[in-house]
Amino acid sequence: MYLDNSATTKINDEVLKEMMPYLKEDFGNPSTLYSLGRESKKALEESRQRIATSINAKKDEIIFTSGGSESDNLAIKGIAFKLRKKGNHIITSEIEHPAVKETLFFLESLDFKVTYLPVYENGIIKIEDLKQAITPDTILISIMHANNEIGTLQPIEEIGKIAHENGIIFHTDAVQSFGKVKIDVEKQNIDLLSVSSHKINGPKGVGALYIKKGIRLVPLIHGGGQERGIRSGTENVAGIVGFGKATEMAYLKLDEHAEKLSQIRDEIIEKVLGRIPESYLNGDAHERLPNVVNFRFKAIEGESLILLLDSKGYQTSTGSACSSKTLEASPVLTALGLDPVDVHGSLRISLAPENDDFDIDDFVDSIAQSVERLRKMSPLWNKDIDYDAVVGRK
Ligand SMILES: Cc1ncc(COP(=O)(O)O)c(C=O)c1O
């Protein structure tokens with residue numbers, strides 16, 4: 001049972017079917033004039049329209065990229081380099097994905113100034129902090145829509161409103177929320193929005209950046225001038241076609257999927273918290289994606305739990321793919337103000353529409369048994385100790 005859909009998803013059969021002709025007989029370069037090329041160009045533009053429609057944008061406001069990371073880089077560096085003379089200050093949050101965070105670290109090395117807003121225990125920024133962080137030099141606010149580890153949603157509509165009241169551009173990384181919750185770039189005051197195909201049952205290596213009409217940015221990739229000169233390089237036509245189809249499918253059934261997945265999510269939360277002592281939910285209980293839940297269990301290591309659950313047939317994660325490799329404490333969980341020991345005992349479960357029918361009781365049994373087994377081996381676990389009292393929670 002694959003329950004790590006925030007990391008990536010399985011390609012949908014209908015998506016693959018729609019892509020296949022563009023890998024074989026309709027292989028033309030969309031920049032060419034003869035019919036084969038025109039066919040590719042037509043498919044490209046249909047996909048652009050599908051993505052634009054899903055977020056209430058116009059077709060020519062969508063630029064195709066190689067994925068969420070490139071979209072984040074293009075949005076942030078593109079605006080920073082374009083508006084360098086106007087100001088050098090950028091505001092973000094402490095829990096951004098590395099595609100945003102590392103881009104900002106790079107800009108700091110070029111003398112840009114970055115403010116990292118705290119997110120507090122529920123994983124959400126405070127609007128007051130944002131207002132106070134704005135300076136006359138602020139050119140960009142980049143705050144993610146949904147967090148990739150804990151699934152919490154930021155108040156992007158309000159953030160965008162404040163950005164615009166102050167003449168600042170607002171970018172949001174919507175890689176995790178796109179296709180899971182409704183997005184309306186007009187209503188939510190969004191200027192730049194990054195999305196990625198492989199999180200919504202589309203192919204890997206393709207994404208898009210929404211750029212509101214009138215906003216100018218410096219390209220990262222120079223060359224043949226494709227994508228209105230903003231992103232040169234022969235387009236990944238098959239990938240883009242797959243992305244368009246996956247987007248359309250996700251949005252057609254968005255309400256149905258959200259309702260079903262949030263029911264499963266809530267049942268897992270209720271059963272885990274009810275059954276496993278010293279287990280906690282990470283992030284806000286309500287402002288979260290329908291398909292993501294993140295727990296922490298006292299006195300265990302998340303990585304060991306992942307391996308035990310894998311041996312029982314469940315593929316889950318501790319959080320971000322990056323922190324699973326390095327064994328570093330997750331910066332997202334650390335930003336919630338958690339005890340450093342607790343940060344290591346996390347488990348992220350992320351669902352996709354195809355997970356609509358599995359044995360939740362067996363899954364929760366597997367978690368409970370694994371946690372118990374690991375605690376028996378853990379020097380940190382002693383059932384005679386009241387851990388909440390020790391860490392001052394009581
Ligand atoms: C919030 C967020 N932003 C950006 C990315 C990067 O997207 P991609 O893998 O398409 O480069 C991810 C992927 O995990 C993500 O979760």
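Every number in this text was worked out from the coordinates using simple rules, so none of it is lab data. Every value quoted in this text rests on a predicted model; they were computed, and no experiment measured them. In this analysis, Cβ positions are derived from the backbone assuming ideal geometry, glycine residues included, and neighbour counts consider all displayed protein chains.
Structural remarks
- Highest to lowest packing among 39-49, 139-149, 341-351, scored as the average C-beta count within 10 Å: 139-149, 341-351, 39-49
- In terms of the mean number of neighbouring beta-carbon atoms within 10 Å, the peptides 70-77, 110-117 order highest first as 70-77, 110-117.
- Over the chain, Cα pairs under 8 Å with separation of 6+ residues give a relative contact order of 21 percent.
- The ranking of E94, E158 from fewest to most other beta carbons within 10 Å of each one's beta carbon is E158, E94.
- Expected 222 nm ellipticity per residue - DSSP helices of 4 or more, -39500 (n - 2.57), all of the chain, to 500: -12500 deg cm²/dmol
- Karplus-derived 3J(HN,Hα), 6.51/-1.76/1.60, for each residue of the stretch 306-319, Hz, glycine and proline x: 4, 5, 5, 5, 4, 5, 9, x, 10, 9, 10, 8, 8, x
- Gyration tensor verdict on the stretch 143-257 (Cα atoms; rounded if a/c is under 1.5, prolate if a/b is larger than b/c, oblate otherwise): oblate
- Under a model in which nothing but the beta-carbon of Lys, Arg (+1) and Asp, Glu (-1) is charged, the stretch 13-252 shows a dipole of about 700 debye around its Cα centre.
- The trypsin sites (Lys or Arg not before Pro) found in the stretch 121-161 that occupy coil by DSSP, while having at most 15 further C-beta atoms within 10 Å, are K126.
- Gaussian network model of the chain, springs between alpha carbon atoms under 10 Å - residue of D173, D13, D266 with greatest fluctuation: D13
- Each residue of the stretch 58-69 was assigned a 3J(HN,Hα) from its phi angle through the Karplus expression (A = 6.51, B = -1.76, C = 1.60, θ = phi - 60°), giving 9, 4, 7, 9, 10, 10, 7, 9, 8, x, x, 4 Hz with x at Gly and Pro.
- Restricting the GluC sites (Glu not before Pro) of the stretch 259-292 to loop positions (DSSP other than H, G, I, E, B) with no more than 15 neighbouring Cβ atoms within 10 Å leaves E287.
- Cα gyration tensor, the chain - rounded (a/c under 1.5), prolate or oblate: oblate
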